[in-house]
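Have a look at the structure below, then the notes.
The values are calculated or read from the model by the stated rules, or taken from the named source; none is laboratory data. Values in this document were obtained by computation on a predicted structure and should not be read as measured data. Glycine also receives a Cβ, built like all others from the backbone with ideal geometry; neighbour counts cover every protein chain displayed. Accessible surface areas use protein heavy atoms only, side chains included; no ligands, DNA or RNA. Shrake-Rupley method; radii C 1.70, N 1.55, O 1.52, S 1.80 Å.
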Amino acid sequence: PFNRATPARPHPGSAFKPFVFLAALERGATPADPVADTPLTLGGWSPGNGEWRSRGEITLEEALAQSVNTAAVSVLGRAGGAREVAAVARRFGLAGPFPNDATLALGTGEVTPLELTSAYAAFVNGGLLPAPRGLAAARADGRTVPIAPPAATRAATPENAAAIRRMLEAVVARGTGRAAQPPGGRAVAGKTGTTQDFRDAWFVGASGPLVIGIWLGNDDAAPMLEVRGGSLPARLFRDIVEGLGGEARAAVGG
């Protein structure tokens, strides 16, 4: 009776970070720019970096690939702060609410799985944000009738959308999303997300034109047993993509 894809509004965790980095790109940053990955404190708040060992400076692309929290907070500052990043997120169809502080860089706002998956679709759609809908086919009088493609709005420039997609491919190729890589070496783009005490675990990714969003959690927000976005959700994405690929090959082969 409860559709977790639409009314549920869990925190996205690090799956929100692409919008922080996009906001920085829109202010002139590039994926190759350096950013500090060292510890920082803002108003008594010190974000942790988990098991990441600081190198002093890394590129923006590596910061997103490895999901380095302190670097993401610094990128939020380059992007103009929480208000500017929230405006970018809303442009991508994420309604919030969003906090007006640096914790937004770590995904402390609220999203629905459908919103977040639709938003990622713009990264692989040349910056065009499709309106999500459940209609796949239609028939009238026993005959199939054409369906117009979903309406789409411009959320980002094609250049910036392509840059974010390449950064998300780095997440899977060498970062926190390695478990999402299906065999065969096909290009996969995506981002992991894990919230405090393992309450939410995400992987939102794309393989070709297909975009899949996976959220794992409990309805009462109870912690899970160390389920991270890079573990079960990423492996589920890989298994789904693998299965769909097998069905497609079988269909083509007759």
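Name the single residue, out of those in segment 150-180 being part of a helix (DSSP H, G or I) and open to solvent by 80 Å² or more (accessible area, probe 1.4 Å), that is nearest to Phe92 (Cα to Cα).
Result: Glu159.
Under 7 Å by Cβ, and 6 or more places apart or on different chains, what pairs join a residue from segment 96-113 that is in a helix (DSSP H, G or I) with one that is among the small types (Gly, Ala, Ser) and open to solvent by 30 Å² or more (accessible area, probe 1.4 Å)?
Every condition considered, the pairs that remain are Pro113/Ala5; Pro113/Gly213.
Do you know which of the residues in segment 193-230 that are assigned to a loop (DSSP other than H, G, I, E, B) and aliphatic (A, V, I, L, M) is nearest to Leu104 (Cα to Cα)?
Top of the filtered list is Ala221.
Considering only segment 203-240, state which residues are open to solvent by 40 Å² or more (accessible area, probe 1.4 Å), aliphatic (A, V, I, L, M) and within 24 Å of Glu169 (Cβ to Cβ).
Leu210, Leu216, Leu232, Leu236, Ile240
Which residues, taken from segment 1-55, are among the small types (Gly, Ala, Ser), open to solvent by 30 Å² or more (accessible area, probe 1.4 Å) and closer than 18 Å to Arg83 by Cα?
Gly28, Gly43
Can you confirm whether Gly81 is in contact with a Lys or Arg (Cβ under 8 Å, 6 or more places away or on another chain), free of Cβ contacts under 8 Å to residues at least 40 places away in the same chain and of a type outside the set (S, T, N, Q)?
When the stated conditions are applied, Gly81 does not pass them.
Has segment 69-88 got at least one residue that is within 23 Å of Gly208 (Cα to Cα) and open to solvent by 10 Å² or more (accessible area, probe 1.4 Å)?
No: segment 69-88 contains no residue that is within 23 Å of Gly208 (Cα to Cα) and open to solvent by 10 Å² or more (accessible area, probe 1.4 Å).
Within segment 112-149, take every residue that is open to solvent by less than 80 Å² (accessible area, probe 1.4 Å) and more than 21 Å from the chain's Cα centre (by Cα) and give me the one that is farthest from Pro18 (Cα to Cα).
The qualifying residue farthest from Pro18 (Cα to Cα) is Gly142.
Output the number of the condition that Ala86 fails; it satisfies all remaining conditions of (1) modelled with pLDDT of 95 or more; (2) in contact with an Asp or Glu (Cβ under 8 Å, 6 or more places away or on another chain).
The single condition Ala86 does not satisfy is (2).
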